[in-house]
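J.: Structure in structure tokens, see below.
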Amino acid sequence: MIDMTTLVTILGMAVVTYLTRALGFVLLRKRTLGPQLSQVLNAAPGCVLIAVIAPKFVSGHPADLIALALTGYAASRYSILPVVLFAIVVTAALRAALPT
């Protein structure tokens with residue numbers, strides 16, 4: 001069974017993510033974005049991905065370090081969604097296969 005704190009945290013993050021996207025759409029729907037702002041917004045998903053996986057650089061766990069290297073390689077070849085899915089699967093498989 002899932003812990004109540006974990007459930008509330010996940011639901012809270014989902015609500016905040018949805019509100020961020022919805023408010024951004026509502027506030028910017030009648031505006032034309034400049035090229036610089038478009039570049040910043042296009043780079044945001046990659047920045048978030050790096051912020052999530054960067055702590056694994058110092059984890060010292062072989063499975064995490066191998067998964068990080070494979071994810072970095074995949075990120076240089078594919079778009080964000082396949083890379084995230086690949087990272088989740090590879091990390092889970094390596095953590096199951098290799099000792100911590």
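Nothing in this text is a laboratory measurement; each read-out follows from the coordinates by a stated rule. From a predicted model like this one, the values you see are computed outputs, not experimental measurements. Counting neighbours? That spans all protein chains shown, and the Cβs are built from the backbone with ideal geometry, glycine included.
J.: Could you give the nm distance between label points at Thr5 and Val58, where each point is 7 Å from its Cα heading toward the beta carbon?
T.: My value for the distance between the label points is 2.3 nm.
J.: Please label the shape of region 1-50 as rounded, prolate or oblate, based on the square roots a ≥ b ≥ c of the eigenvalues of the alpha-carbon gyration tensor (a/c under 1.5 means rounded; beyond that, a/b larger than b/c means prolate, else oblate).
T.: Here region 1-50 falls in the oblate category.
J.: Treating only the Cβ atoms of Lys and Arg (+1) and Asp and Glu (-1) as charged, compute the dipole magnitude of the chain about its Cα centre; round to the nearest 20 debye.
T.: Computed about the Cα centre, the dipole is about 440 debye.
J.: Related question: Based on the mean of other Cβ atoms within 10 Å per residue, sort peptides 11-22, 58-69 so the most packed one is first.
T.: 58-69, 11-22
J.: In nm, what is the difference between 0.36 nm times the number of residues separating Ile50 and Tyr78 and their Cα-Cα distance?
T.: 8.6 nm
J.: Could you tell me how many degrees, from 0 to 90 and to the nearest 10, lie between the Cα long axis of helix 62-75 and the main elongation axis, the longest principal axis, of the Cα atoms of the chain?
T.: 40 degrees
J.: Further question: Which one of Ala96, Leu28, Leu85 has its Cα pushed farthest toward the positive end of the charge dipole of the chain, where Lys and Arg give +1 and Asp and Glu give -1 at the Cβ?
T.: Positive-end residue among those listed: Leu28.
J.: A follow-up question, please. I want the local charge near Leu23. Using Cβ-Cβ distances under 15 Å, sum +1 for each Lys or Arg and -1 for each Asp or Glu among the other residues.
T.: My count for the surroundings of Leu23 gives +4.
J.: Please state the shape class of the chain: rounded when a/c is under 1.5, otherwise prolate if a/b exceeds b/c and oblate if not, all from the C-alpha gyration tensor.
T.: oblate
J.: Sort 24-32, 42-50 by the packing proxy (mean of other Cβ within 10 Å over each peptide's residues), most packed first.
T.: Top to bottom by mean Cβ count within 10 Å: 42-50, 24-32.
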